[in-house]
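Report on one structure; see the data block that follows.
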Amino acid sequence: MISRFTFKKGPRVFEVLVAKNWTSSKLKEVKIKTENAFPIFLEEDDFKKGADVFALDFLVMRNEYKLLEGEDTVLNIEINKEDLRRALETEVRRLLASARQAYFKKISLDTEDIVVTLTGLVYGLEYLNIKEIDQQSVSSVFDNFLDEKKIEVLLEILEKIEKIVDKK
């Protein structure tokens, strides 16, 4: 194994294991060190090339990681601002569509998923030096569930982010 580290995204903790390659026999030998962590297995080449496709996730990873063992492969991750802008746009539009559907059907959304997504969006906006939305205004929307009023506020925040991202 080349590297093992954890990172937090919203309330979720991920344990990332980077190896030259992963085979089923290697996977059988792995023990996750962090309790309740979601494991992510990446091959070295995928890790090195992944920042363009998963710019938002790699940005959060780079800002929130803790090296557990091996090389510090996270330190040298470079995030291209255009890749990040595209990733922001994708996440905003996906979450906006879900929130609109929930509002229309009067159903609740998975708060944890939304907090995880919004955490990444806030990191992305900060990285692009956009100050109109901050973590506190986003986190103030959520308690343990999303009722109709909170979905309205979520829609407002997402629509604001969408306009900001479209300008870039």
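No lab work stands behind these numbers, since they all come straight from the coordinates. Note that the coordinates shown come from a computational prediction; the quantities given were computed from them, not determined experimentally. Positions of Cβ are backbone-derived with ideal geometry, glycine not excepted, and every protein chain shown enters the neighbour counts.
Here are the numbers for this structure:
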| read-out | value |
| --- | --- |
| The chain, relative contact order [Cα under 8 Å, separation at least 6], % | 23 percent |
| 16 Å cut-off, amide nitrogen to a point 7 angstrom out along Glu126 Cα→Cβ, residues in segment 10-47 | 10-12 |
| Angle between the chain longest axis and helix 55-64 axis [Cα atoms, degrees, rounded to 10] | 70 degrees |
| The chain: calculated mean residue ellipticity at 222 nm from DSSP helix runs of at least 4, using -39500 (n - 2.57) | -16500 deg cm²/dmol |
| Helix 81-105 axis, angle to the chain major axis (alpha carbon atoms, nearest 10°) | 50 degrees |
| Cα long-axis angle, helix 111-127 against the chain (0 to 90 degrees, to the nearest 10) | 80 degrees |
| By average C-beta atoms within 10 angstrom, highest first, the peptides 35-41, 10-16 | 10-16, 35-41 |
| Global geometry of the chain, whether rounded, prolate or oblate, following the gyration tensor of its Cα atoms and the 1.5 cut on a/c | prolate |
| Charge sum, other residues only, whose C-beta stays under 11 Å from Leu59's C-beta, Lys/Arg counted +1 and Asp/Glu -1 | -2 |
